[in-house]
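Have a look at the structure below before the remarks.
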Amino acid sequence: MSAVPHDVAHGHDHHDDHHHGPTGLMRWITATNHKDIGTMYLIFSFIMFLSGGVMALTLRAELFQPGLQVVQPEFFNQLTTMHGLVMVFGAIMPAFVGFANWMLPLMVGAPDMAFARMNNWSFWLLPPAAILLIGSFFVPGGATAAGWTLYAPLSVQMGMGMDMAIFAIHIMGASSIMGAINIVVTILNMRAPGMTLMKMPLFCWTWLITAYLLIAVMPVLAGAVTMVLTDRHFGTTFFNAAGGGDPVLYQHVFWFFGHPEVYIMILPAFGIVSQIIPTFARKPLFGYASMVYATASIAILSFVVWAHHMFTTGMPAKTQIFFMYATMLIAVPTGVKVFNWIATMWRGSMTFETPMLFSVGFIFVFTLGGFTGLMLSIAPVDIQYQDTYFVVAHFHYVLVAGSLFALFAGTYYWLPKWTGYMYDEKLGKRHFWLSMIFFNVTFFPMHFLGLAGMQRRVPDYNPMFADFNELATVGAFGFGLTQLLFAYVIIKCIRGGEKATAQVWEGAEGLEWTVPSPAPHHTFEVPPVFEAKGHHH
Amino acid sequence: MTNNAALLMKKTVQAAAGLGGIFAASATWAANSKYNFQEPASRMAADIHDLHMWMIWICLIIFVVVFGFMFYSIYAHRKSKGAVAAQFHESTTVEILWTVIPVLILVGMAWPATKTVLAQKDTTNADITIKATGYQWKWGYDYIKGEGEGIAFVSTLSTPRGQLEFGEYPGENYLLEVDNPVVVPIGKKVRILTTAQDVIHAWWVPALGVKQDAIPGFIRDTWFRADREGVFRGVCAELCGKDHGYMPIEVHVVSEEKYAAWVAAQKQKSAAPAAAAAQPAPASAS
Amino acid sequence: MLVRLAIAAVGMFGFGFALVPFYEKICEVTGLRNLLVSNASDNAENTQVDTTRNIVVEMDANTHSLAWRFKPLQSNVTVHPGQLVRVDYEIENTLDRAVTGQAIPSYGPKVAERHFRKLECFCFTQQTLGPKEKRIMPVVFVIDGTAPVDMNEITLSYTFFEVAGKG
Ligand code: HEM
Ligand SMILES: [Cu+2]
Ligand SMILES: [Cu+2]
């Protein structure tokens with residue numbers, strides 16, 4: 001380690017780069033270093049991704065053919081529910097927080113996150129929550145089977161697995177809020193001199209806005225599930241008409257959290273892609289300011305569209321029309337982002353390393369999900385799509401091809417900075433192409449299934465849906481296996497390979513590329529001097 | 001944007017038109033295929049179908065134009081082809097244009113959609129009102145107004161249990177058939193009231209263009225007017241527990257005469273057990 | 001520091017309590033939760049009967065895991081806006097013990113709720129029925145003149161729930 005060159009951003013000599021605290025397991029348990037914590041977040045989310053993936057493959061195995069071959073309906077519903085919860089709260093969200101931990105201090109030129117001990121606590125809340133959640137499979141009655149949306153009164157009927165899920169959500173919510181506070185303070189207070197807000201890398205902007213969304217809506221989710229908890233055990237009747245409550249109230253509260261939540265899962269992805277495209281197009285990001293405004297307006301609009309998930313609950317025409325218009329409007333800033341990315345590519349000098357492939361793949365396939373979102377926003381037509389496989393296709397296009405592909409892109413992009421070695425480009429590209437193909441084989445046919453009338457969340461179906469389901473299952477297993485290749489590429493890269501330079505990518509710009517690869521344990525202990533290149537002359 | 005871009009624009013539009021042609025040709029084939037909505041059996045379902053196709057068209061055109069640019073750029077602006085990066089990074093005109101044009105497109109979508117919402121919500125002047133009650137896991141029906149008033153029955157899945165378990169090859173209407181279907185006359189406005197006994201269910205018949213959640217403790221309403229005879233199948237569309245996938249809906253749309261005959265038969269059926277029950281003991285009868 | 005913490009704690013605690021009247025106000029404004037309250041008081045301004053309009057009111061009855069027979073004695077009535085109308089429902093306890101129930105009203109279409117004023121209703125209080133008791137219960141209502149012109153069919157529906165631990 002001592003051979004590693006010192007932090008080039010501040011050339012003077014200071015104490016050694018490597019780590020001084022406890023070693024072994026204690027190093028991780030007591031970790032306060034943003035890079036250590038970031039690594040733990042990423043490992044945690046990958047483990048959750050694999051667990052959720054196993055559940056998904058069990059579901060797909062059951063759906064391979066009509067009839068019940070693999071699991072019984074009760075267990076099928078538990079698996080769908082847990083797959084959703086694990087992927088959303090265990091895989092996607094923590095993965096983005098992992099990126100934030102690793103990269104935000106490096107990008108803004110800060111030595112660490114603002115509250116290093118709280119950072120430790122936000123991470124270490126997650127494993128107990130995960131154990132509680134996954135452990136609920138093994139209690140009497142099994143895990144909750146009410147769908148990841150946990151609609152009352154069905155969730156009120158569930159066994160104790162539901163209570164465990166509620167507590168797990170409380171804990172993960174607390175973790176998210178702490179993480180979000182940390183991110184907000186780091187970005188607002190710890191930027192290098194000269195880096196004004198409008199000069200920060202876009203990833204910082206998207207995370208800043210996401211962090212505000214998290215702080216705003218995680219308590220709402222906690223409130224919703226707490227009301228379920230008291231309805232279950234303490235005789236309240238929030239969601240029970242008998243005592244003056246209303247089951248639909250749950251949906252309003254849940255989706256008031258739920259729609260901003262989907263943007264929590266996609267805005268950081270927008271940020272990652274906005275870092276990568278300019279690098280490989282060797283051209284500054286087009287429309288930086290409009291990207292910031294688009295992100296902010298998406299976030300604000302996301303608070304007034306929640307009832308588009310509830311068009312079939314029977315609301316008055318006026319309400320329906322309001323939520324329809326508001327939802328359609330979100331397509332405008334989303335479109336602006338896509339146009340900006342393409343304009344960034346336009347007349348660039350592009351190369352297509354794996355991060356770029358995943359980013360371009362992201363734009364292409366995520367936008368398909370955006371189109372189906374637009375179709376879903378049309379209330380009278382949504383009546384036919386709602387709760388069918390069409391919706392399943394929509395949210396996998398935006399979450400898998402959106403959030404997950406962006407996470408892959410970001411991983412390949414910054415991996416040399418994390419490990420100090422280049423990953424195996426050939427295998428990375430193979431991972432991209434296999435993911436892309438299998439993703440579409442799995443999810444594209446689901447549009448047709450939904451249109452033809454197959455409802456979601458069922459273990460068995462009419463034979464007219466058999467062929468597309470078969471195809472989807474084949475695709476899903478291919479997609480699942482492909483992710484083992486991803487794990488292999490990562491492990492191989494951690495073990496060694498071609499040495500990475502500090503700059504890593506020819507077109508890369510930003511403070512994170514001024515520190516050596518691998519990034520030393522302590523960076524920017526003296527604030528670097530930031531000069532903006534590219535945007536804003 | 002230069003000549004180059006204008007040329008590209010022209011090319012893209014041509015490509016879009018070509019692709020559109022293929023799509024149009026396939027649209028007829030797509031009607032009632034497994035690639036699209038079921039063939040509509042009511043005006044409302046037909047309107048929804050048209051709106052859906054309108055949306056697909058618009059999205060397809062935007063898709064072709066936008067990704068035409070992207071793939072052209074991927075093809076032409078690569079380093080390996082010697083492309084040198086330009087350094088432009090903003091253009092107020094372009095940015096205003098691509099904000100305003102989408103807004104206009106959205107207006108084109110919102111206008112017909114709004115009309116359809118208003119029609120969908122207009123449950124007045126119904127000829128027949130039927131209440132559908134969701135139970136875990138079956139549907140109960142009560143004809144509460146119009147011809148057939150007073151008819152009440154429970155409708156459960158009739159797919160043979162053997163098929164549900166293992167092996168046996170499922171029949172054509174596997175999981176979509178019931179013992180007592182809902183029967184309604186053609187051309188009459190049928191208002192469906194939904195409610196539920198335990199948890200939320202949803203009453204959905206795709207070909208008729210209706211889906212309405214059934215909420216315990218409250219009623220909601222929707223309507224349809226079938227414009228052709230036939231058997232239309234639907235399912236519960238809100239997760240309601242273990243057997244959510246096993247509570248289908250079957251609606252028979254029949255002529256007015258057949259409907260009258262069915263009503264008479266139902267009335268007789270419900271009268272018979274009542275009369276039987278009135279007799280104290282079977283032995284003393286006859 | 002301690003003082004500030006104490007102030008913050010008291011403030012939060014107070015805020016919690018302030019929420020009670022706050023939500024009550026919200027419910028009042030949005031019309032939530034006044035299910036159990038007669039809304040007779042605010043219909044004084046609309047006593048004019050509009051005989052040019054006919055509205056069909058359908059009666060519907062449901063029970064929720066409750067061993068009662070519950071049905072309207074007339075399936076529908078045709079009324080004019082502003083007209084005072086009485087309809088009757090019948091309930092019968094099929095059990096050999098007393099049971100207490102609470103009826104929850106609901107309207108189809110949902111927007112009808114705003115124009116439907118109940119002056120008397122068995123849903124205003126809990127109802128206790130003795131063993132095998134049968135009872136006829138009235139609902140007196142007015143549909144106010146502000147109901148939209150195209151609203152010519154309204155369903156008045158009740159669901160009876162058992163009030164646990166009573167009876
Ligand atoms: C153009 C932007 C988008 C629009 C207009 C849109 C619209 C919608 C609508 C109307 C629904 C409700 C469908 C139904 O249940 O009938 C929906 C569902 C959903 N959307 Fe989107 N969406 C957009 C982007 C996204 C993004 C970016 C994400 C996440 C990254 C997302 C995730 C989801 C999820 C998870 C659901 C399903 C929730 C559930 O029922 O479990 N959407 N979307
Ligand atoms: Cu949403
Ligand atoms: Cu169901």
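The values are calculated or read from the model by the stated rules, or taken from the named source; none is laboratory data. Model, not experiment: these values are computed from the prediction. So basically every Cβ, Gly included, is an ideal-geometry build from the backbone, and we count neighbours across all protein chains shown.
General remarks:
- Among the residues of the stretch C:130-156, just one is away from chain B (no Cβ under 14 Å) and polar (S, T, N, Q), namely C:Thr146.
- Qualifying residues in the stretch B:33-67 (those that are hydroxyl-bearing (Ser, Thr, Tyr) and more than 7 Å from chain A (Cβ to nearest Cβ)) - the one nearest to the chain's Cα centre (by Cα): B:Ser42
- Residue that is farthest from C:Leu66 (Cα to Cα) [pool: residues in the stretch A:203-240 that are without any contact (Cβ under 8 Å) to a residue 60 or more places away in the chain and outside any helix (DSSP H, G or I)]: A:Phe234
- Considering residues of the stretch B:205-249 that are under 24 Å from A:Gly159 (Cα atoms) and hydrophobic (A, V, I, L, M, F, W, C) only, the residue farthest from ligand 1 (Cβ to nearest atom): B:Met247
- Count of the stretch A:137-167 residues which are part of a helix (DSSP H, G or I) and touching a residue at least 40 places away in the same chain (Cβ under 8 Å): 8
- Being of a type in the set (Ser, Thr, Tyr) and either over 30 Å from A:Tyr389 (Cα atoms) or surrounded by fewer than 20 Cβ atoms within 10 Å (Cβ to Cβ) (or both) is true of A:Thr501.
- Residue list for the stretch A:241-268, filter: part of a loop (DSSP other than H, G, I, E, B), surrounded by 21 or more Cβ atoms within 10 Å (Cβ to Cβ) and more than 12 Å from ligand 1 (Cβ to nearest atom): A:Gly245, A:Asp246
- Close pairs (6 angstrom Cβ cut-off, 6 or more residues apart or separate chains): in contact (Cβ under 8 Å) with a residue 12 or more places away in the chain in the stretch A:176-187, buried (at least 20 other Cβ atoms within 10 Å of the Cβ) and among the aromatic types (Phe, Trp, Tyr) anywhere: A:Ile183/A:Trp207
- Restricting the stretch A:348-371 to residues that are surrounded by fewer than 21 Cβ atoms within 10 Å (Cβ to Cβ) and within 7 Å of another protein chain (Cβ to nearest Cβ), the residue that is farthest from ligand 3 (Cβ to nearest atom): A:Ser349
- Across the stretch A:473-495, a minimum of one residue is classified as among the aliphatic types (A, V, I, L, M), in contact with a helix residue (DSSP H, G or I) (Cβ under 9 Å, 6 or more places away or on another chain) and under 30 Å from A:Asp382 (Cα atoms).
- Figure legend. Inter-residue proximity from the stretch A:281-305: first residues farther than 12 Å from B:Phe88 by Cβ and more than 7 Å from chain B (Cβ to nearest Cβ), second residues away from ligand 2 (no atom under 16 Å from the Cβ) and charged (D, E, K, R), beta-carbon distance below 7 Å, spacing 6+ or different chains. Indicated pairs: A:Met291/A:Lys337; A:Ala294/A:Lys337.
- Considered as a group, the residues in the stretch B:168-188 that are touching a helix residue (DSSP H, G or I) at 6+ places or on another chain (Cβ under 9 Å) and under 21 Å from B:Ala264 (Cα atoms) include one that is nearest to the other protein chains (Cβ to nearest Cβ), and that residue is B:Lys188.
- Each residue in the stretch B:143-165 was checked for being within 13 Å of chain A (Cβ to nearest Cβ) and not in a loop (DSSP other than H, G, I, E, B), and 6 of them qualify.
- The one condition in (1) at pLDDT 95 or above; (2) within 12 Å of another protein chain (Cβ to nearest Cβ) that A:Ala466 fails to fulfil: (1)
- Residues that are within 11 Å of chain B (Cβ to nearest Cβ) and within 16 Å of ligand 2 (Cβ to nearest atom) number at least 1 in the following helices (runs of 4 or more DSSP H) confined to the stretch A:372-445: A:379-385, A:389-398.
- Apart from one condition, B:Trp203 fits all of (1) in a loop (DSSP other than H, G, I, E, B); (2) within 13 Å of the chain's Cα centre (by Cα); the exception is (1).
- Selection from the stretch A:306-334 of residues that are at the interface with chain B (Cβ under 8 Å from one of its Cβ atoms) and either in contact with a Gly (Cβ under 6 Å, 6 or more places away or on another chain) or more than 13 Å from ligand 1 (Cβ to nearest atom) (or both): A:Gly314, A:Pro316, A:Ala317, A:Ile321
- For A:Phe364: the one exception among (1) of a type in the set (Phe, Trp, Tyr); (2) more than 9 Å from ligand 1 (Cβ to nearest atom); (3) closer than 30 Å to B:Arg220 by Cβ: (3)
- Considering residues of the stretch C:108-127 that are within 14 Å of chain B (Cβ to nearest Cβ) and not in a helix (DSSP H, G or I) only, the residue surrounded by the fewest Cβ atoms within 10 Å (Cβ to Cβ): C:Phe116
- Cβ-Cβ under 6 Å pairs, at least 6 apart or on other chains, the stretch A:308-332 side more than 13 Å from A:Tyr385 (Cβ to Cβ) and small (Gly, Ala, Ser), far side part of a helix (DSSP H, G or I) and more than 15 Å from ligand 2 (Cβ to nearest atom): A:Ala317/B:Val117; A:Ala317/B:Leu118
- Selected residue (only one of A:Thr344, A:Thr295 is assigned to a helix (DSSP H, G or I) and away from ligand 1 (no atom under 14 Å from the Cβ)): A:Thr344
- Some residue of the stretch B:128-142 being more than 16 Å from ligand 1 (Cβ to nearest atom) and part of a helix (DSSP H, G or I): no
- Among the residues here, B:Thr123 qualifies as of a type in the set (Ser, Thr, Tyr), buried (at least 16 other Cβ atoms within 10 Å of the Cβ) and either facing chain A (nearest Cβ under 7 Å) or part of a loop (DSSP other than H, G, I, E, B) (or both).
- Checked against the criterion of being among the β-branched types (Val, Ile, Thr) and modelled with pLDDT of 95 or more, the candidates A:Thr319, A:Thr372, A:Thr313 yield just one match: A:Thr372.
- Residue in the stretch A:138-147 that is nearest to the other protein chains (Cβ to nearest Cβ), counting only those that are surrounded by fewer than 19 Cβ atoms within 10 Å (Cβ to Cβ) and farther than 12 Å from A:Glu74 by Cβ: A:Pro140
- When the stretch A:450-463 is filtered for residues that are facing chain B (nearest Cβ under 7 Å), touching a strand residue (DSSP E or B) at 6+ places or on another chain (Cβ under 8 Å) and assigned to a helix (DSSP H, G or I), only A:Leu451 remains.
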